[in-house]
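Remarks on the structure that follows.
Bear in mind these aren't lab numbers, they're just calculated from the coordinates by the rules spelled out. Source: prediction; values computed, not measured. Cβ atoms come from the backbone with ideal geometry, glycine included; neighbour counts cover every protein chain shown.
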Amino acid sequence: MSSLIDAGILVEDDAVGGIMRPPAILPATKEMSVERVWPISGLGLRFIIAQIETVIALRTRTFSNVLRPIADHARIVGPGRTAGLDPEWKPFASAFFASSVLRPKSGHCLTDSIAFMRVAQSLGLKAELVLGVCATPFSAHCWVQAGGHVLNDRLENIRNFEPILTI
């Protein structure tokens, strides 16, 4: 956070109560190993539908209204299953990556990650949606993580981003 403050991207405001504490999330140290699977599987189709729904939702609703169901579900369900066991997430992540050739090419990590979370939560899988920023050059990125595993992205894509929000 201090690098973002030093760069003038975040500022402290006494009226707001200062800068919120950084999100508590383990640094990602592993990414999912995936298998080649047929993109038009039941799970692959769920990702495609979830991504289309997410694109529409982000265009027609506020950002907080799109994220609220994810946050509410995480709060209600509690700990759930985690990505501590690679085999549990491997078919899930494999279907996600395989379906990418058929999903809308929005080019947004946000739509990918929200769709990933929606499908994961519908199956009772526990993960966190992470939004991170990089100070120089300023950029933002979104990914899904469980424990130290990045589930829907590659480590090299998230390495330079500092998490500022986890859901």
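Of 154, 103, 59, 46, the sequence from fewest to most neighbouring Cβ atoms within 10 angstrom is 59, 154, 46, 103. Put in order of Cβ neighbour count within 10 Å, fewest first, the listed residues 126, 30 become 30, 126. Local charge for residue 99 was computed over the other residues whose Cβ lies under 11 Å away, with Lys and Arg +1 and Asp and Glu -1, and equals +1. Karplus-derived 3J(HN,Hα) values for segment 88-102, using 6.51 cos²θ - 1.76 cosθ + 1.60 with θ = phi - 60°, are 5, 9, 4, x, 5, 5, 4, 5, 4, 5, 5, 6, 4, 5, 10 Hz; glycine and proline are entered as x.
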